[in-house]
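Scroll down for the structure; my scribbles are underneath it.
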Amino acid sequence: MIRKLTENHRDLYIRMAEEFYSSDAVLHPIPRAYIERTADEALQSDAYAEIYLLECEGEPAGYGLTARTFSQEAGGSVLWIEELYIREQFRSRGLGREFFSYIEEKNKDRTARIRLEVEEENTRAASLYERLGYEKLDYKQMIKDLVD
């Protein structure tokens, strides 16, 4: 089951996001305050961020975080899959595939492109994304942080 985050499950999301940011799937941890800000933004409006909770057999199994931008190159709205985290004991049960199917169906009439990032070493996730039809981009991404 996939459902949008509600205030009742804010703390659960924060715990799972902290699990994700202490895993090998990311380059480095982030401050808890960033996770809390993301939860607050998603609960306030879905204009920029949406958080979805994934359940398996009634248990919290993970979450997905999406964000929206506009891209001239893509010809419209771009939905970024910012994070997909599935707890270890729920992996290989089709939850990732279910999440992508849900997101694609929900956004098919208002999104020109879906985009995501994956760590080079996260071959398991990259393999899933490729099986779902996602292609590598040859862009080198660069950032400049403006938030402490």
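The values are calculated or read from the model by the stated rules, or taken from the named source; none is laboratory data. Since we're looking at a predicted model, the values are computed, not measured. When we count neighbours, we look across all protein chains shown, and the Cβ atoms used for this are built from the backbone with ideal geometry, even at glycine. Ligands, DNA and RNA are excluded from the accessible area calculation, which covers all protein heavy atoms including side chains. Shrake-Rupley method; radii C 1.70, N 1.55, O 1.52, S 1.80 Å.
Starting from the Cα coordinates of region 10-148, work out the convex hull volume and express it per residue in Å³.
Hull volume normalised by residue count: 133 Å³.
Read phi for every residue in region 67-82 and hand back ³J(HN,Hα) as whole Hz from Karplus 6.51 cos²θ - 1.76 cosθ + 1.60, θ = phi - 60°, with x for Gly and Pro.
Here the 3J(HN,Hα) series is 9, 10, 9, 10, 9, 5, 4, 7, x, x, 5, 10, 9, 8, 8, 5 Hz.
What is the gain in length, in nm to one decimal, between N8 and E135 on full extension, counting 0.36 nm per residue of separation less the C-alpha to C-alpha distance?
Stretched out fully, the N8 to E135 stretch lengthens by 42.1 nm.
Quick one: order V26, V147, V78 from most to least accessible surface, probe 1.4 Å.
Solvent-accessible surface, decreasing: V147, V26, V78.
Let me know the charge dipole size of the chain about its Cα centre in debye, to the nearest 20, where only the beta-carbon of Lys, Arg (+1) and Asp, Glu (-1) is charged.
Approximately 380 debye in magnitude.
Tell me, in nm to one decimal, what length is gained between F70 and S101 on full extension, where the rule is 0.36 nm per residue of separation less the Cα-Cα distance?
Working it through step by step, the gained length comes to 9.0 nm.
Once the convex hull of the alpha carbons of region 44-100 is built, what does its volume come to per residue, in cubic angstrom?
90
For E83, list long-range residues whose amide hydrogen, built 1.01 Å from N in the peptide plane, is under 5 Å from its own amide hydrogen.
L65
Let me know the shape class of region 85-148, please: from the alpha-carbon gyration tensor, a ≥ b ≥ c as square roots of the eigenvalues, rounded when a/c is under 1.5, otherwise prolate if a/b is greater than b/c, or oblate.
It is oblate, given that a/c is not under 1.5 and a/b is not larger than b/c.
Please report how far the C-alpha centroid of region 98-148 lies from that of region 39-72, rounded to the nearest whole angstrom.
Here the answer is 14 Å between Cα centres.
Rounded to the nearest 500, what is the 222 nm mean residue ellipticity of the chain from helices alone, with -39500 (n - 2.57) per DSSP H run of 4+ residues and division by all residues?
After summing the helix terms and dividing by residue count, I get -9500 deg cm²/dmol.
Which one of A47, A126, A39 has the biggest mean-square fluctuation once the chain is modelled by GNM with Cα springs under 10 Å?
A47
Count the lysine pairs in the chain whose Cα atoms sit under 24 Å apart, keeping only pairs 8 or more residues apart in sequence or on different chains.
5
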